[in-house]
Amino acid sequence: SERALAVQRVNPLELGDEIKSLFERENLPHLVEFFDRTYPDGVNEGMSSWIARDETGRVVGHIAMFPQRFVCKSSEYTGAIGANLVMDTRHRNLANAVALIRGVLSDAEREGNIDFLFGDPNEHGRAIMSSVGGFTEVGVLTRFVLPVGQSGVLDRAVAAYVGFRLKRARREPMDVERRSAVTFDVREVERPPGQSNALRPVHTLELYRRRLRGYPTGGDDWYLFTRDSERVAAVLVRRFQGDRAELCCVWRRPEVSLVQLLHPIVSDLRTAGVKRLQAFSVIPSALGRELRSAGFMRREQGGRFIAMPCSPRGRSLVEGKVDWEIT
């Protein structure tokens, strides 16, 4: 029988060549690019990797865990999202992958600084998590699309549809400023404002760099909303080459509805020739319902979004079925 692999927690930057060599052997060059782009920031924020070595000491397995701060009501929580789970072909079996994940869980529970693990693993990842046990399905990560414009005579129909769905936005006057992400300091909108029963992420610059390749680009714009001289919302929109844009981040006071924010954004995008605005969120969630209420239509579903508590505080969130406000 195969000898058990040695699993250990490491600073991935100290073993970068060995970890990237594993990615390259498994024909995953995009993970090499992701490593170079995000791991230095991640280590500064407290991320770690867990590796598995074979009997010769070669790195044959890897998973990374990136910490992520959240706020719910007046309390702050720390989650961790898994990334880059890779086993080399010779050692790729369920037992080895489960051993790697159990190494992560053992360290997280012993150290007590992570409240929960979360993520949207692919089909193989879900099989591994199911074998580990303890994970709860929160919902399904889903892509939503709002038609913004269209060519020819159909554009009138699209404009009427969007105008009808967003008409409530005109009843709540707010000042809005569009500012390029290149010049905007995201620390101004890092921590979610006000108190909400939803679990809302703290958005650091490192998070934007990790989740949005190349951030900030010339196609990234912030829409900043103020009411009575107070900033009440900020929305990040990324325009892609062609006719597509994405709603990447929604930062707002709890009483500010999404539909109130979309009218000036959609108007700008129509002027710029954008035909589709997409967004991602979890079903079921209040944000997912708001997207549908604003006229976004569900498209293909992504992976199942799962979470596992690692502390009593995390268990109260996950088992209490807290609402996840994420994009």
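The values are calculated or read from the model by the stated rules, or taken from the named source; none is laboratory data. In this text the structure is predicted, and so the values were computed from the model without any measurement. Note that we place each Cβ from the backbone using ideal geometry, even for glycine, and neighbour counts take in every protein chain shown. Only protein heavy atoms, including side chains, enter the accessible area calculation; ligands, DNA and RNA are left aside. Shrake-Rupley method; radii C 1.70, N 1.55, O 1.52, S 1.80 Å.
Tabulated values for the structure
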{"read-out": "Any hit, segment 312-323, residues being within 26 Å of residue 130 (Cα to Cα), modelled with pLDDT of 90 or more and touching an Asp or Glu at 6+ places or on another chain (Cβ under 6 Å)", "value": "yes"}
{"read-out": "Within segment 287-327, tally of residues that are open to solvent by less than 20 Å² (accessible area, probe 1.4 Å) and part of a helix (DSSP H, G or I)", "value": "6"}
{"read-out": "Some residue of segment 85-108 being closer than 30 Å to residue 193 by Cα, assigned to a helix (DSSP H, G or I) and either open to solvent by less than 10 Å² (accessible area, probe 1.4 Å) or in contact (Cβ under 8 Å) with a residue 12 or more places away in the chain (or both)", "value": "yes"}
{"read-out": "Which listed residue, of 269, 262, 277, is in a strand (DSSP E or B), of a type outside the set (Ser, Thr, Tyr) and within 21 Å of residue 181 (Cα to Cα)", "value": "277"}
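Results for (1) under 30 Å from residue 109 (Cβ atoms); (2) touching a residue at least 40 places away in the same chain (Cβ under 8 Å); (3) out of contact with any Lys or Arg (no Cβ under 9 Å at 6 or more places or on another chain), shown as yes or no for each residue.
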{"residue": "243", "(1), (2), (3)": "no, yes, no"}
{"residue": "276", "(1), (2), (3)": "no, yes, no"}
{"residue": "284", "(1), (2), (3)": "yes, yes, yes"}
{"residue": "297", "(1), (2), (3)": "no, yes, yes"}
{"residue": "300", "(1), (2), (3)": "no, yes, no"}
{"residue": "305", "(1), (2), (3)": "yes, yes, yes"}
{"residue": "314", "(1), (2), (3)": "yes, yes, yes"}
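Here's the yes/no breakdown for (1) more than 18 Å from residue 128 (Cβ to Cβ); (2) polar (S, T, N, Q); (3) part of a helix (DSSP H, G or I):
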position: 17; (1), (2), (3): yes, no, yes
position: 50; (1), (2), (3): no, no, no
position: 67; (1), (2), (3): yes, no, no
position: 71; (1), (2), (3): yes, no, no
